[in-house]
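The values are calculated or read from the model by the stated rules, or taken from the named source; none is laboratory data. Because the structure is a prediction, the values reported are computed rather than measured. All Cβ positions, even for glycine, are placed from backbone atoms using ideal geometry, and neighbour counts span all protein chains on display. Note: accessible area is taken over every heavy atom of the protein model, side chains too, but ligands, DNA and RNA are not part of it. Shrake-Rupley method; radii C 1.70, N 1.55, O 1.52, S 1.80 Å.
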Amino acid sequence: MPLQSICVFCGASLGHDPAYQQAAEALGRTLAERGLRLVYGGGEVGLMGKLADAVLAAGGEVIGIIPQSLQRSEIGHKGLTRLEVVDGMHARKARMAELSDAFIALPGGLGTLEELFEVWTWAQLGYHAKPLGLLDVAGFYQGLSAFLDQTVSAGFIRPPHRGLLHQAEDPAQLLDLLQQQQGTVTPKWDARQPI
Ligand code: AMP
């Protein structure tokens, strides 16, 4: 089945390198060009706002999910196709996951990493089979990627579960990888089996 809605996690800040903003905008345009709906945290600030603006400017659809408590600090985006205001962070993440067919992380901070790792652990446990990808902008994720490989060689993450997280430098290439993985079965998690 073709992907329809893509959840993107990204910084509520812009970061120092202009390449991060350019990548957020390029991803936004690519989503709109492919007719893919963006699901994201609903904020107007940082890369989140740039991404949403780029999708909207290219004629695409954007659904934002924001907790009531963050409406002020992240500034709920007023131009979205739909902005849902939810009770808290758990409700936000659950709703973003429910509405999406795949997940992408752009550069970001603790929130971005936490959200990515949570959906990845859910995939590992077989709670969903939705593809996951990192958009590695200007080498931002290279250190994390090397560390994740180390967790495999150290015997804590199984290679097929490591392989669930795709990585590319180009939005179109990353979306192609996610589309190809769509529908494949996640290897079963069994903590009793040695790695
Ligand atoms: P950051 O990557 O830290 O700039 O945050 C990006 C987004 O993640 C923002 O919308 C934050 O509200 C959100 N966020 C921050 N902390 C968490 C958390 N513990 N769980 C889920 N999302 C978070």
- Query: How many of the residues in the stretch 15-42 are assigned to a strand (DSSP E or B) and open to solvent by less than 30 Å² (accessible area, probe 1.4 Å)?
  - Reply: 3
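Conditions tested, residue by residue: (1) farther than 20 Å from residue 9 by Cα; (2) at pLDDT 95 or above.
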| site | (1), (2) |
| --- | --- |
| 151 | yes, yes |
| 171 | no, yes |
| 176 | no, yes |
| 182 | no, no |
| 192 | yes, no |
| 195 | yes, no |
- Message: Considering only residues that are open to solvent by 50 Å² or more (accessible area, probe 1.4 Å) and free of Cβ contacts under 8 Å to residues at least 24 places away in the same chain, which ones fall in the stretch 114-142?
- Response: 114, 117, 121, 127, 142
- So which residues in the stretch 67-85 are modelled with pLDDT under 90 and either surrounded by 12 or more Cβ atoms within 10 Å (Cβ to Cβ) or away from the ligand (no atom under 14 Å from the Cβ) (or both)? 71, 74
- Task: Consider residue 93 carefully, then state whether it is closer than 21 Å to residue 171 by Cβ, among the charged types (D, E, K, R) and within 15 Å of the ligand (Cβ to nearest atom).
- Result: no
- Note on the structure: Selection over the stretch 101-113 where residues are more than 9 Å from the ligand (Cβ to nearest atom) and either surrounded by fewer than 24 Cβ atoms within 10 Å (Cβ to Cβ) or modelled with pLDDT under 95 (or both) yields a count of 1
